Every structure is written in structure tokens, then in C-alpha cells.
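The structure appears right after this line, and notes come after that.
What follows draws every value from the coordinates through simple rules; no lab data is involved. Predicted, not measured: the structure shown is a model, and the values here were computed from it. In this analysis, Cβ positions are derived from the backbone assuming ideal geometry, glycine residues included, and neighbour counts consider all displayed protein chains.
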Amino acid sequence: MTAEKNNIAEEKRNIVIEELDPTFLFTWKGTRKGDRDQYHSHDFPEIAFVLSGVGRYKIEGRLYEIREGDLLIFNPGVRHQSVSEPDDEFPTTEFFVGFSDIQIKDMPRNHFPAPCGEYIIHTGGELRQKLFRICSSMEAENAVCRQGRYFMLKSYLVQMLLLVIREQCEPMVVHGGYAFESVNKKYVVEQIVSYFEDHYHEKISLDHIAENMYLSPFYISKIFKSETGDTPIRHLINIRLEKAKELLEGGKGGSIQEVAASVGYDDAYHFSKLFKKRYGISPSQAKKKA
């Protein structure tokens, strides 16, 4: 038995991707409320990530307990069925992704590697957080019809597949809690700053960001300040004012009201107060200088 386990572990460490240009098929997000799927299988691989709750799955005749953070891998021909009950206190919310056209060395075409021949990966730490983020991004992208939508969804799918493969090839080794926390903090702050840079002209609330990142507003504020020395809202204000200053000094953006609106402020008076406090002159003075 020991030798067999060692061989499996060795195989896991040497997963070789021969082709990773998958065809994205679909995503679906749903909450189980006592409805039972039919016992079924697919002719393509499917991944299900448990966003919240607890539940059970029947997979190839065996019953498995699942919970938040679990990732289920259903390869072609694998029979599976959700067996949630109507009185379940914490029903599962799951995010499904279907795809095809992958090739892993020494595996049948369109089969995705699962740990030790099983079907479930119990994720945690940074991997879980990244999967939450990818699912949220895919859901948002799938909800709108924008140019390149399919390719964006495909790019998220590739990230998800690579993360899961890496987890099986290189088990996460944590060298002390502090270093691990630092990596998480840096990743979260980078994502927030990137979001601010892209969406500064929109209505932005800390609650909305926290919801999309599956984190609490308090936690986000705490780690943002520990990493940058500033609060998220203050950082957003600085970005908006810098953008406004560029517009005013460049003689662009129209009236003060229009400049304020273009950087996310409906109230031109409030915008002017913030601008003068930051730069020592009013927006109209900055516009005249230009």
C-alpha cells in the first residue's frame, strides 16, 4: 500500500500538460434547496466549486460530504448527483464550469487530473481565495454581453485549471503564518488598487468590493492600511483627484461639474472642497491656469 501511495504521489508531482487550449462551454451558479439532480454523467469535464454551505454528493456509488471551499472534479463518464435535502440548514451554493479539448500526459483526452483518483479537493488559504475571485469574475463577465466575452471567460478558465493542477503538483508549504498572511495581503491590495484604477469614475463602495472578494469590509480596510498606510477610500479619493487634475490642467473635461462627474462625483461642491484641500487651489483656478 505504501509503495502504491508513493507512486501516486510521484505521478501527481509530474503532471505534464500537453495541450491547454480548452474550449469554454458554460458556467452556472445555483443554490441547492432540496432539489435532487438525476444521477448522470457528461461527455466533457466539469468542475464545481462550493461557494458556501454544506451538502452531499453521490459520486460513482459513494456518498461524499462537501462544504465551502471544496472543488469537485467530474471527468467524462463519472456519474454524480447532488443529494441535498429540503430541510438542510445551510444549503450549498455551487459554481459550475464546463469545458473540453484538454490533454494531460498519460491521461485520456478531455480528462482532468484529480487527487489520488478521487473527485474532491478541499481547498484552503490562498488557493481558495483565488478560486473565489475567479468565480466572481466569471459570473460578472457572463452577466454582460461585451466584446471578447468568450475569450475573457476562457482566460479565467485557464487560470482556474492551472491553479488546480499546480495544487496537485506542488502542495502548498507554509513557512510560518506571517509570510503566508503577507502574500495574501499583497494580493488583495493589488486587486483593490487595480479595481480603483479601472473604475474610479463609477460608484464604488467598500461593501461592494468586499462582497465581490468574499471578504469583510473591516478586514479589507485593515489589511489595506497595513500594506499602504492609507485607507481604501482615501486611496480612491487620491486617484480621482489626480485624474481630475490631469483633465483640468490639460484643458479637457468641460465644466467643473462635468469634470467632477467624470471622476465619480455627483456633487461638484464636495469635489471642489476635496480638490482644494489636496492641491491648495480650487478646480476653477486650476482650469484657469491651464
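Among Gly61, Phe132, Thr31, pick out the residue whose Cα is farthest towards the positive end of the charge dipole of the chain, where Lys and Arg carry +1 and Asp and Glu carry -1 on C-beta, about the Cα centre.
Phe132
Between Lys277 and Cys116, what is the label-point separation in nm under the 7 Å Cα-to-beta-carbon projection?
5.7 nm
First check a/c for the stretch 48-154, with a ≥ b ≥ c the square roots of the eigenvalues of its C-alpha gyration tensor; if it is under 1.5, answer rounded, and if not, answer prolate when a/b is larger than b/c or oblate otherwise. Before the final figure, lay out each step's value.
On the way: a/c = 1.76, a/b = 1.13, b/c = 1.55.
Oblate, because a/c is 1.5 or more while a/b does not exceed b/c.
With a ≥ b ≥ c the root eigenvalues of the C-alpha gyration tensor of the stretch 99-160, is it rounded (a/c under 1.5), prolate (a/b larger than b/c) or oblate? Could the numbers behind the result be given before it?
On the way: a/c = 3.19, a/b = 1.38, b/c = 2.31.
Oblate.
For the chain, find the longest principal axis of its Cα atoms and tell me its angle to the long axis of helix 268-279, 0 to 90°, nearest 10.
The answer is roughly 90 degrees.
Classify the stretch 15-107 from the C-alpha gyration tensor, please: rounded if a/c falls under 1.5, else prolate or oblate depending on whether a/b exceeds b/c. Walk me through the intermediate numbers first.
Working: a/c = 2.23, a/b = 1.91, b/c = 1.17.
Taking the square roots of the gyration eigenvalues as a ≥ b ≥ c, the stretch 15-107 is prolate.
Just name one of Tyr214, Gln257, Ser226: the one whose Cα is farthest towards the positive end of the charge dipole of the stretch 191-274 (beta-carbon charges, Lys/Arg +1, Asp/Glu -1).
Ser226
Modelled label-to-label distance, Asp207 and Lys105, 7 Å Cα→beta-carbon offset: nm?
Distance between the two pseudo-spin positions: 5.2 nm.
Arranged from highest to lowest average of other beta-carbon atoms within 10 Å per residue, in what order do the peptides 100-107, 51-58 appear?
Numbers: 100-107: 15.5, 51-58: 18.2.
Going by the mean number of other Cβ atoms within 10 Å, highest first, we get 51-58, 100-107.
Which residues make up the longest stretch of the chain that has no GluC sites (Glu not before Pro) in a DSSP loop with at most 15 other Cβ atoms within 10 Å? Write down the numbers at each step before the final one.
On the way: sites that count: Glu60, Glu89, Glu118, Glu202.
Excluding the exposed sites themselves, the longest stretch runs over 203-290.
Restricting to Cα pairs below 8 Å that are 6+ residues apart, what does the relative contact order work out to for the chain? Please round to a whole percent.
Values: 413 pairs, mean separation 44.2, N = 290.
The normalised contact order for the chain reaches 15 percent.
Assign unit charges at the C-beta atoms only (+1 for Lys and Arg, -1 for Asp and Glu), then state the dipole size of the chain relative to its Cα centre in Debye, rounded to the nearest 20.
Numbers: 38 positive and 42 negative charges, 318 e Å.
Roughly 1520 debye, rounded to the nearest 20.
Simple spin-label model, 7 Å along Cα-to-Cβ: Gln147 to Ser221 in nm?
So the two model labels end up 3.9 nm from each other.
Name the trypsin sites (Lys or Arg not before Pro) in the stretch 133-172 that are in a loop by DSSP and that have at most 10 other C-beta atoms within 10 Å, would you? Please list the in-between numbers first.
Values: sites: Arg133, Arg146, Arg149, Lys154, Arg166; in loops: Arg146.
Sites meeting the loop and neighbour criteria: Arg146.
Which residue, Ile120, Ile239, Ile73, has the most motion in a Gaussian network model of the chain that connects Cα atoms within less than 10 Å?
So, out of Ile120, Ile239, Ile73, the one fluctuating most is Ile239.
So for the stretch 64-106, taking the charge dipole from beta-carbon charges (+1 Lys/Arg, -1 Asp/Glu), which of Thr93, Leu72, Ile104 sits furthest toward the positive end?
Toward the positive end, the furthest listed residue is Ile104.
Under 10 Å, Cα contacts only: if you run a Gaussian network model on the chain, which one of Phe44, Phe24, Phe275 comes out with the highest mean-square fluctuation?
Judging by the Gaussian network model, the answer is Phe275.
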